Amino acid sequence: MDKRLILPKKGFLLNTDKDNPRLYFLAGPVMGGGDWRRTAIHRLMELDKDCYIVCPCRYPADDPISWLAIKTDVGLPTSQIEFESQIKWERHYLELASIYGAIIFWLPVEDKDNPRPKADGPYARDTYGELGRWSVRSSKELATVIVGADPKFSGLSVIQKNFDEDHGEPFKIHNTLDETLFSAVRKGRIYRHGDHDLYA
């Protein structure tokens, strides 16, 4: 199986003319959100076998998911970039995915067995801010953003209202992870830049 998973904080040089990459960024709650990204990674690899998947979770090196991550000594790409912080890594990949594929937001309810630590603030705190930012960008057709949510996700009605108002029409928020991923693959856009390289 081709290694097409990108984990923090690695970056790689892809040739867009040759590889014609599609990138999907798995956005949404990390701490307290459960391990929905594991399911999403495998499903996306089934739906779009040539895509690159960007996941902000730090899986242990011995986790089977980590075995799917791109390595500089296996296949393509061969050039690696280091980022000084995860925030810069995430911003870089969010921008790329918004153009070369899609940002996929999945909003699960907080995991009762493994909730976000109280000391780290409220659940999904960072996600709410990112949703607002990318709602505006996507409303101006500057980004491809796909949103899905558990119907019981806290604040979902406000999120729906904000997206509707930003887009000037009803915005589709999917209610299953599989439907969300399928929509992302269907709507993911491919741009070709001739001989230019893409730092993915």
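The values are calculated or read from the model by the stated rules, or taken from the named source; none is laboratory data. Computed from a predicted model, the values in this text were never measured in an experiment. As a convention, Cβ positions derive from the backbone with ideal geometry for all residues, glycine included, and neighbour counts pool all protein chains shown. Ligands, DNA and RNA are stripped out before the accessible areas are found, and what is left, the full protein with its side chains, is counted by its heavy atoms. Shrake-Rupley method; radii C 1.70, N 1.55, O 1.52, S 1.80 Å.
Working note: Karplus 6.51/-1.76/1.60 with θ = phi - 60° gives segment 127-142 the couplings 5, 4, x, 5, 4, x, 4, 7, 5, 5, 4, 5, 5, 9, 6, 9 Hz, where Gly and Pro are set to x. The aspartates and glutamates whose alpha-carbon is closer than 14 Å to the alpha-carbon of residue 9, local same-chain residues fewer than 8 away aside, are 82, 84, 90. Of the cross-linked pairs 152/187; 10/172; 49/118, those separated by over 30 Å at the C-alpha level are 10/172; 49/118.
Across segment 160-171, computed HN-Hα scalar couplings (Karplus, 6.51 cos²θ - 1.76 cosθ + 1.60, θ = phi - 60°) run 4, 4, 5, 5, 4, 5, 4, 8, x, 6, x, 9 Hz from first to last residue, x flagging Gly and Pro. Based on protein heavy atoms only, segment 30-152 ends up with 52 Å² per residue of surface accessible to a 1.4 Å probe. Note on segment 88-170: the alpha carbon radius of gyration divided by the globular reference 2.2 N^0.38 Å gives 1.16.
FRET efficiency for residue 165 and residue 50, Cβ-Cβ distance as r, R0 = 35 Å, nearest 0.05? Efficiency at R0 = 35 Å is approximately 0.45. If you sort 174, 167, 42 by accessible surface, 1.4 Å probe, largest first, the order is 42, 167, 174.
In segment 101-167, the portion of solvent-accessible area held by carbon and sulfur atoms comes to 51 percent [1.4 Å probe, whole percent, DNA, RNA and ligands not counted].
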